[in-house]
Amino acid sequence: TFYKYRPVIKGSYWSRVVRVARGDPHITTIDNTTYTFNGLNVYTLVETNLDKPTRIQASTRVSGKGTLFSGLAVKSEDTVLECFIKKNGDFTVVVNNEKVDLLTLKTFTTNGITIHTKIEDRSFTFVFTKNDVIIKVLVTNGFLNFFTSVPPTFHGQMRGLLGFYDGIPDNDLLSAGL
């Protein structure tokens with residue numbers, strides 16, 4: 001179990017990196033560059049060029065004089081996760097076009113994704129079992145915060161608002177052609 005969650009790459013320890021995209025979009029890249037992003041649209045947080053690509057997108061909406069995160073979509077192999085806040089404030093999760101009843105089970109697995117819910121904290125953790133991506137969504141005051149952890153296999157193979165994952169923070173906000 002230790003090596004599953006703390007993988008060894010090329011003989012050295014490689015810890016899992018967890019990065020945050022929170023609220024009125026403040027983002028920390030996988031390589032630890034922090035910036036504010038006030039775009040209004042749907043944006044790619046992570047996109048890989050692996051044989052079985054993964055894409056994570058986030059949507060924003062207007063709030064006051066800025067924007068905030070209001071939705072998340074993940075496509076990983078044959079699994080599609082969508083979660084978003086409706087206009088009435090309800091948080092909704094859909095997996096492969098099927099709405100998930102978050103109030104029924106605390107932990108369950110469906111279609112290559114394990115979902116852990118903490119209704120009292122308004123937090124939801126999504127573990128993609130086929131590519132080892134972990135995303136925790138925390139619902140706060142009508143917006144979303146994302147805690148994202150990507151596996152070491154994404155090193156050198158991803159780009160997006162969470163940066164070009166190569167261990168070099170200086171190139172995270174540059175165009176990284178894969």
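The values are calculated or read from the model by the stated rules, or taken from the named source; none is laboratory data. Owing to the predicted nature of the structure, the values given are computational and were not obtained by experimental measurement. Here the Cβ is made from the backbone with ideal geometry for all residues, glycine too, and neighbour counts use every protein chain on show. All accessible areas refer to the heavy atoms of the entire protein, side chains included, with ligands and DNA or RNA removed. Shrake-Rupley method; radii C 1.70, N 1.55, O 1.52, S 1.80 Å.
Each residue in segment 99-124 was checked for being open to solvent by 30 Å² or more (accessible area, probe 1.4 Å) and either touching a residue at least 12 places away in the same chain (Cβ under 8 Å) or within 16 Å of the chain's Cα centre (by Cα) (or both), and 11 of them qualify.
Could you please give the count of residues in segment 145-160 that are touching a residue at least 40 places away in the same chain (Cβ under 8 Å), open to solvent by less than 40 Å² (accessible area, probe 1.4 Å) and not aliphatic (A, V, I, L, M)? Here the count works out to 8. G163 meets all of the listed conditions (1) under 21 Å from F37 (Cα atoms); (2) buried (at least 16 other Cβ atoms within 10 Å of the Cβ); (3) touching a strand residue (DSSP E or B) at 6+ places or on another chain (Cβ under 7 Å) but one, namely (3). Kindly evaluate F84 against the criterion of being outside any loop (DSSP other than H, G, I, E, B), in contact with a Gly (Cβ under 7 Å, 6 or more places away or on another chain) and either open to solvent by 70 Å² or more (accessible area, probe 1.4 Å) or among the hydrophobic types (A, V, I, L, M, F, W, C) (or both). So F84 fits the description; yes.
No other residue among T109, T125, T104, T117 is in a strand (DSSP E or B) and out of contact with any strand residue (DSSP E or B) (no Cβ under 6 Å at 6 or more places or on another chain) apart from T109. The selection criterion, being in contact with a helix residue (DSSP H, G or I) (Cβ under 7 Å, 6 or more places away or on another chain), closer than 22 Å to D132 by Cβ, touching a residue at least 40 places away in the same chain (Cβ under 8 Å) and open to solvent by less than 80 Å² (accessible area, probe 1.4 Å), holds for T48.
Exactly one residue out of G142, G163 is touching a residue at least 12 places away in the same chain (Cβ under 8 Å) and under 21 Å from D51 (Cα atoms), and it is G163.
Can you spot a residue in segment 126-137 that is surrounded by fewer than 17 Cβ atoms within 10 Å (Cβ to Cβ) and within 16 Å of the chain's Cα centre (by Cα)? Don't jump to the end; show me each part of the working.
Taking segment 126-137 as the starting set, the residues that turn out to be surrounded by fewer than 17 Cβ atoms within 10 Å (Cβ to Cβ) are 129-130.
Filter once more, so that each one left must be within 16 Å of the chain's Cα centre (by Cα): 129-130.
Yes: segment 126-137 contains one or more residues that are surrounded by fewer than 17 Cβ atoms within 10 Å (Cβ to Cβ) and within 16 Å of the chain's Cα centre (by Cα).
What residue, of T54, T36, T92, is surrounded by 16 or more Cβ atoms within 10 Å (Cβ to Cβ) and either closer than 24 Å to L162 by Cβ or of a type in the set (S, T, Y) (or both)? Residue meeting the stated conditions: T54.
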